[in-house]
1. Please tell me if residue 85 is in a helix (DSSP H, G or I), open to solvent by 40 Å² or more (accessible area, probe 1.4 Å) and touching a residue at least 60 places away in the same chain (Cβ under 8 Å).
2. Among the candidates 102, 17, which residue alone is open to solvent by 40 Å² or more (accessible area, probe 1.4 Å) and within 13 Å of the chain's Cα centre (by Cα)?
3. Name the residues in the range 88-120 that are in a helix (DSSP H, G or I), in contact (Cβ under 8 Å) with a residue 24 or more places away in the chain and aliphatic (A, V, I, L, M), would you?
4. Does the range 61-72 contain any residue that is loosely packed, with under 14 Cβ neighbours inside 10 Å, at pLDDT below 90 and farther than 17 Å from residue 110 by Cβ?
5. Answer yes or no: is there a residue in the range 50-61 that is touching a Pro at 6+ places or on another chain (Cβ under 9 Å), touching a residue at least 24 places away in the same chain (Cβ under 8 Å), part of a helix (DSSP H, G or I) and not β-branched (Val, Ile, Thr).
6. Residues in the range 6-20: is at least one in contact with a Cys (Cβ under 9 Å, 6 or more places away or on another chain), assigned to a helix (DSSP H, G or I) and small (Gly, Ala, Ser)?
7. Among the residues of the range 21-48, what is the count of those that are outside any loop (DSSP other than H, G, I, E, B) and open to solvent by 100 Å² or more (accessible area, probe 1.4 Å)?
8. Being open to solvent by less than 50 Å² (accessible area, probe 1.4 Å) and basic (Lys, Arg), is that true of even one residue in the range 110-117?
Amino acid sequence: MPLPERKKRLWKAGAVVLCAGLFYGYVLIPLGICIPCPFYRITGLRCPGCGITNFCLAILHGRFAEAPAYNWGLTLSAPVILWLLIAHWRGGDRRRQNAVSVGVLMFLLGWGVFRNVAGM
């Protein structure tokens, strides 16, 4: 059974993002070419996403115990984000997915404030 056109586009976009991320992590970073965080550059504060690159690289290299230290907010919200991706793929109750998405967004924004106040 062929995939609907929308799902084909999503698969292609996901593949492009995955390849770009792998290229960045395995080629550019070892060469010393890193993308700086504009939020950190402007404010001197860590954004909710700071540490995601190191988190992902630790996971890719099999250093699972080390990964959470880079971004606890992502560590705690990853199962919910994974559920959201699967739920979106399968369809289902959009209202529920939207409510959970707002909850995750609020959590990550709260994490961004907490990590700067607590000095993490």
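1. no
2. After ruling out the rest, the residue left standing is 17.
3. If the condition is that a residue be in a helix (DSSP H, G or I), in contact (Cβ under 8 Å) with a residue 24 or more places away in the chain and aliphatic (A, V, I, L, M), then 104, 108, 109 are the ones that fit.
4. There is at least one residue in the range 61-72 that is loosely packed, with under 14 Cβ neighbours inside 10 Å, at pLDDT below 90 and farther than 17 Å from residue 110 by Cβ.
5. no
6. Taking every residue of the range 6-20 in turn, none turns out to be in contact with a Cys (Cβ under 9 Å, 6 or more places away or on another chain), assigned to a helix (DSSP H, G or I) and small (Gly, Ala, Ser).
7. Number of matching residues: 5.
8. yes
The values are calculated or read from the model by the stated rules, or taken from the named source; none is laboratory data. These numbers were taken from a predicted model, which means no experiment stands behind them. As a convention, Cβ positions derive from the backbone with ideal geometry for all residues, glycine included, and neighbour counts pool all protein chains shown. Note: areas computed on protein heavy atoms with side chains; ligands, DNA, RNA excluded. Shrake-Rupley method; radii C 1.70, N 1.55, O 1.52, S 1.80 Å.
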